[in-house]
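Below is one structure, written out as structure tokens; comments come after it.
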Amino acid sequence: MVLQTTFIRFDEIFNEEMRTVDEYFKDLPKRGILISLVEWVNSSLFFYATGPEGDGQFELLDAIILPASNIIAKQNLYALKEYGKSRKIKYVWLTPYTSFMVMEHLLSKYAHEIFENGIFDYEKAKQEQRDLLHSELSLEFLKGYLTFSHKRIDKLKTSPNDDYENQIINQVTDRIGTYEYESLEYIYTYHVEFKKSVEFFLFLKSNYGNALGSFLRTRGLNKWEEYPLKLSGFTWGFMRDFRVRVNSGNEKKVDLKFFDTFVSGEVFTELEDNFKLLKKFPLVKYAQDGYLSLFRDFTFEKIYKTLYFDVTGEAVKIDPSLTKSKLGKAFFEEWLCTKYVNEIFSEPKAINLEETNPVFTNAENKPDHYTRKWNDVFVFEYKDTLIADLAKTSYNPEEVISELKDKLYLKTKNQKKPKRSAVLQLADFILNYESNYHLFDPNAKLKKLTFYPILVVQDRCLTTPGVNQILNRWFMEEVEKSGKKLKIKPLIVISIDSLILGMEFLKENIGEFKACINEYIKIENKLKREKRIPISFESWFKRKYLHHPSRKKQFFTFLEESGKRLSEDLRAAVHGSK
């Protein structure tokens, strides 16, 4: 069952006037607050709760209220939980977004209480945490946290009386920049970024050998396999614990220098939108050679983004005409998506055609990938588009919709003339299929075909619940305007990361992917009829393949074994044998 998620408000727990954050925080142990938040956001336990009604979040909330012996607050909490069960509402209060806001506030305003000569004393922090969470102070912390939560809640205009379309728009406006990751996301991030880093070097070796050679020389490396192996080692340390010490050895100075670039040399004095500072500096030092990750996902993404930034920097030096965006697009669309979509849909009885296939030469429109198995046609469009931070954090529906429309529907900004993108490209190919299919798939039986339009994206924020629905509405409007009577399924949005992770279940099994899409469409239609908040196809895909109890063990075995094989292959290339 998909429940509506609602944030707990301050006045639903406390029968008093809400004050400023610092009135609650001023006398609290700041290191204790910071380490509590670090532990919570690096745990999967509380993001989406342990039970269908948000029981995990209520349990933590109850544990915080309990030491304070606040009878009224406990009664309010119990009443709220029972109300949620009766109305199918899942209440949450602990979210990555609010936690990041509190972290940044602590690091900017109370750095003098948190650090001693730039070091975060972990043992003192743990003692402060015990003092905080097992005393009357816990209630002041909770009040301050919920006050921060209202910085977000009060910006939203969602009302239970809004119609379905407004609920969708408000959902997207709220969550597109808030990093509401699924549980265990850091495990996925670790594995998928490792695999993508290897693919990136293979791409460079195949297409930009000079840039690769230049990068290796600047790093003092003989073989490219050494670098993703080293990065995997760095990130694996943070997988086991969010604290890592750099081991002694010949490369210790180099490794310390690398990690130091992820530690802010100054206090966070001017906070930026979308947690740019936390993403830029996701580590703090708890010893001269020890680093603590504030949020694993930010740490993993920063490590691998540093790789892409450094390599593309070398490529641009060698060939000034080669921009970073051009190189990024070539890697994502022409290499990564092409490879994985080809592998997944490579069934013997299926027709698979890439955009570069000569059969599309005279076609009026061509997709990035075309697959037909019997009477099911899957049409793919790949987009490495990134949504601007300014729009993501605007909390302005008009700005968010404008950005989505410009990036994924009709590009007008910085264009001499409007350029049709993603949604319209998929619509154009399908609606013009009758006039062109004889060129590339003449045996297709037009009247029996069912089309599945699929948009594969790089930016995971485009899989935010509601984005899929907005893009599909624009897509279906084009279909309806055409007046053509074709069997066309709703447009689906999925990230390349999920296709990489889902390879174990999808490879050479088109029927499985088709079933997943059709099940999702049924769920979405049900939510729409009930005027409830939508879920994304990405979330549904993960629930079906990655989180499902019957498949979770198989999936994690696949992750472990595939990661191990990849590491062994890299070591063999470096050292000459496995």
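The values are calculated or read from the model by the stated rules, or taken from the named source; none is laboratory data. Please read all numbers here as calculations on a predicted model, not as lab measurements. Positions of Cβ are generated from backbone atoms using ideal geometry, with glycine treated the same way; all protein chains shown enter the neighbour counts. Protein only, heavy atoms only, side chains kept; ligands, DNA and RNA dropped before computing areas. Shrake-Rupley method; radii C 1.70, N 1.55, O 1.52, S 1.80 Å.
Note on exposure: Asp497, Asp289 ranked by accessible area (1.4 Å probe, complete protein assembly) read Asp289, Asp497, with the most exposed listed first. In this label model, Lys552 and Lys280 are separated by 3.8 nm, measuring between points 7 Å along each Cα→Cβ vector.
Segment 378-467: which trypsin sites (Lys or Arg not before Pro) are DSSP loop and have at most 11 other beta-carbon atoms within 10 angstrom?
On the way: sites: Lys383, Lys392, Lys405, Lys407, Lys411, Lys413, Lys416, Lys419, Arg420, Lys445, Lys447, Lys448, Arg460; in loops: Lys413, Lys416, Lys445.
Here the trypsin sites (Lys or Arg not before Pro) that fit, given the DSSP loop and packing criteria, are Lys413, Lys416, Lys445.
Kirkwood Rh over alpha-carbon pairs of segment 454-537, then Stokes-Einstein at 20 °C and 1.002 mPa s: what D in µm² s⁻¹, rounded to an integer? If you can, show how the numbers build up before the last one.
Working: Rh = 14.0 Å.
Value of D from the Cα-based Kirkwood radius: 153 µm²/s.
Cα gyration tensor of segment 314-370, axes a ≥ b ≥ c as square roots of the eigenvalues: rounded (a/c below 1.5), prolate (a/b > b/c) or oblate? Please list the in-between numbers first.
Numbers: a/c = 3.86, a/b = 1.86, b/c = 2.08.
Oblate, since a/c reaches 1.5 and b/c is not below a/b.
With the cut-off at 1.5 for a/c, could you classify segment 301-347 from its C-alpha gyration tensor as rounded, prolate or oblate? Mind showing how you got there, number by number?
On the way: a/c = 4.00, a/b = 1.83, b/c = 2.19.
Note, shape of segment 301-347 comes out oblate.
Cross-link partners of Lys324 among aspartates and glutamates, defined as those whose alpha carbon lies under 18 angstrom from its own and excluding same-chain residues fewer than eight positions apart: Glu199, Glu301, Asp310, Glu314, Glu333, Glu334, Asp384, Asp459.
Considering only the chain, what is the antiparallel percent among its DSSP beta bridges, to the nearest 5? Each step should come with its number before you reach the end.
Values: 20 of 39 bridges.
The antiparallel fraction comes to roughly 50 percent.
If each DSSP helix of 4+ residues adds -39,500 (n - 2.57) and the sum is divided by the residues in the chain, what number results at 222 nm, nearest 500 deg cm²/dmol? Kindly include the intermediate steps, with their values, before the conclusion.
On the way: 27 runs with 319 residues, N = 578.
Mean residue ellipticity, 222 nm, calculated: -17000 deg cm²/dmol.
Across segment 475-483, coupling constants 3J(HN,Hα) worked out from phi with the 6.51/-1.76/1.60 Karplus curve, θ = phi - 60°, read 5, 5, 4, 5, 4, 5, 4, 5, x Hz, and Gly and Pro carry x.
Checking the a/c ratio against 1.5 first, then a/b against b/c, what shape does the Cα gyration tensor give for segment 381-479?
Working: a/c = 2.56, a/b = 2.02, b/c = 1.27.
Because a/c hits 1.5 or more and a/b exceeds b/c, segment 381-479 counts as prolate.
The calculated pair-distance distribution of the chain uses every alpha carbon pair, bins of 20 angstrom beginning at 0, and gives 18, 51, 28, 3 percent. For segment 370-388 and segment 511-578, what is the separation of their C-alpha centers, rounded to whole Å? So the separation of the two Cα centres works out to 18 Å. Within a straight-line Cα-Cα reach of under 27 Å, Lys74 can be paired with the following lysines, leaving aside sequence neighbours fewer than 8 residues apart in one chain: Lys26, Lys30, Lys85, Lys88, Lys90, Lys126, Lys143, Lys151. Sparsely packed loop sites in segment 222-256 (the GluC sites (Glu not before Pro) outside DSSP H, G, I, E and B with at most 15 other Cβ atoms within 10 Å) comprise Glu251. In the chain, the longest principal axis of the Cα atoms and the axis of helix 96-109 are about 50 degrees apart.
Distance check, please: which entries in Lys302/Lys405; Lys326/Lys407; Lys489/Lys526; Lys305/Lys326; Lys445/Lys514 exceed 24 angstrom between their Cα atoms? Before the final figure, lay out the partial values.
Working: Lys302/Lys405 28 Å; Lys326/Lys407 16 Å; Lys489/Lys526 16 Å; Lys305/Lys326 16 Å; Lys445/Lys514 19 Å.
Going by Cα-Cα distance, Lys302/Lys405 fall outside the 24 Å limit.
So what's the angle, to the nearest 10 degrees on a 0 to 90 scale, between helix 30-41 and the longest Cα principal axis of the chain? Roughly 30 degrees, rounded to the nearest 10. Dividing the radius of gyration of the alpha carbons in segment 211-266 by their Kirkwood radius gives 1.00 for Rg/Rh. Only Cα sites of segment 498-567 enter the Debye sum here, all with the same form factor; the resulting log10 I(q)/I(0) across q = 0.12, 0.21, 0.26 1/Å is -0.38, -0.91, -1.18, listed in q order.
How high is the relative contact order of the chain, given as a whole-number percent (alpha carbon pairs under 8 Å, six or more residues apart)?
14 percent
Can you tell me, using C-alpha contacts under 8 Å and at least 6 residues apart, the relative contact order of segment 411-515 as a whole percent? Across segment 411-515, relative contact order equals 31 percent.
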